[in-house]
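Undergrad: I have a structure I would like to understand better, so I am pasting it below and will then ask my questions one at a time.
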Amino acid sequence: QVQLVESGGGSVQAGGSLRLSCAAYGRIARINAMNWYHQAPGKQRELVAGINSSHSANYADSVEGRFTISRDSTKDAVYLQMNSLKPEDTAVYYCNILMQTFPGWEDFDAWGQGTLVTVSS
């Protein structure tokens, strides 16, 4: 009923930039919070950045000042601009959208398929 499609991952050298995109499709009544998580090999999934319906953003300490999350309500999309990338940013990145769906405005927690970001030194 709802699908998230991610794009933008890839390989980059340290100091480089990447931009991740995530768009939601389906029976969406309202989108509330939009988040990006990452999961490095052998580690737990961690919240990287989040943005609420008022476009107020929050970031993990490790990415503050380097990453920027944004959203486009007209496209049901969320983006993550990643600058000054470091090898420790290497991980699979997942978008997560908290929404309400038609027909009954049910709460739904949607996840993208994940996109790999590899940063080499």
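Undergrad: Enumerate by residue number the trypsin sites (Lys or Arg not before Pro) in the range 14-121 meeting two conditions: DSSP loop (anything except H, G, I, E, B), and at most 16 other Cβ atoms within 10 Å of the site's Cβ.
TA: Values: sites: R19, R27, R30, K43, R45, R66, R71, K75; in loops: R27, K43, R45, R66, K75.
Sites meeting the loop and neighbour criteria: R27, K43, R45, R66, K75.
Undergrad: How long is the gain from T74 to V2 if the chain were fully straight, where each residue apart is worth 0.36 nm and the alpha carbon distance is subtracted?
TA: That works out to 24.3 nm of additional length.
Undergrad: Hey, rough spin-label estimate for W105 and R45, points 7 angstrom out along Cα→Cβ, what's it come to in nanometres?
TA: Each label point is offset 7 Å from its Cα along the Cβ direction, giving 2.7 nm.
Undergrad: Now for a different question. For the range 47-121, with all protein chains present and a 1.4 Å probe, just round the carbon and sulfur fraction of the accessible area to a whole percent.
TA: Looking at the range 47-121 in its full context, I get 50 percent from C and S.
Undergrad: Run the dipole for the chain about the Cα centre, Lys and Arg Cβ at +1, Asp and Glu Cβ at -1, nothing else charged, and hand back the magnitude in debye, nearest 20. Mind dumping the intermediate values first?
TA: Numbers: 9 positive and 11 negative charges, 41 e Å.
Using only the charged Cβ atoms, the result is roughly 200 debye.
Undergrad: May I pose another question? What number comes out for accessible area per residue over the chain if the probe is 1.4 Å? Units Å², please.
TA: Here the residues of the chain average 53 Å² of exposed surface.
Undergrad: Could you order H55, H38 so the one with the most accessible surface comes first? Probe is 1.4 Å.
TA: Values: H55 100, H38 20 Å².
Listed by decreasing accessible area, they come as H55, H38.
Undergrad: What fraction of the Cα pairs in the chain, stated in percent, has a spacing above 26 angstrom?
TA: Summing the P(r) of the chain above 26 Å gives 18 percent of all pairs.
Undergrad: Next question, about the same structure. Can you say what percent of the DSSP beta bridges in the chain, counting only those with both residues inside, are antiparallel? Round to 5.
TA: The answer is about 90 percent antiparallel.
Undergrad: Taking the chain as a Gaussian network, Cα atoms linked when under 10 Å apart, which of T90, T74, T101 shows the biggest mean-square fluctuation?
TA: Result: T74 has the largest fluctuation of those listed.
The values are calculated or read from the model by the stated rules, or taken from the named source; none is laboratory data. A quick note: this is a predicted structure, and the numbers were derived from the prediction, not measured. Backbone-built Cβ (ideal geometry, glycine too); neighbour counts: all protein chains shown. Surface accessibility is based on the protein's heavy atoms, side chains included, excluding ligands, DNA and RNA. Shrake-Rupley method; radii C 1.70, N 1.55, O 1.52, S 1.80 Å.
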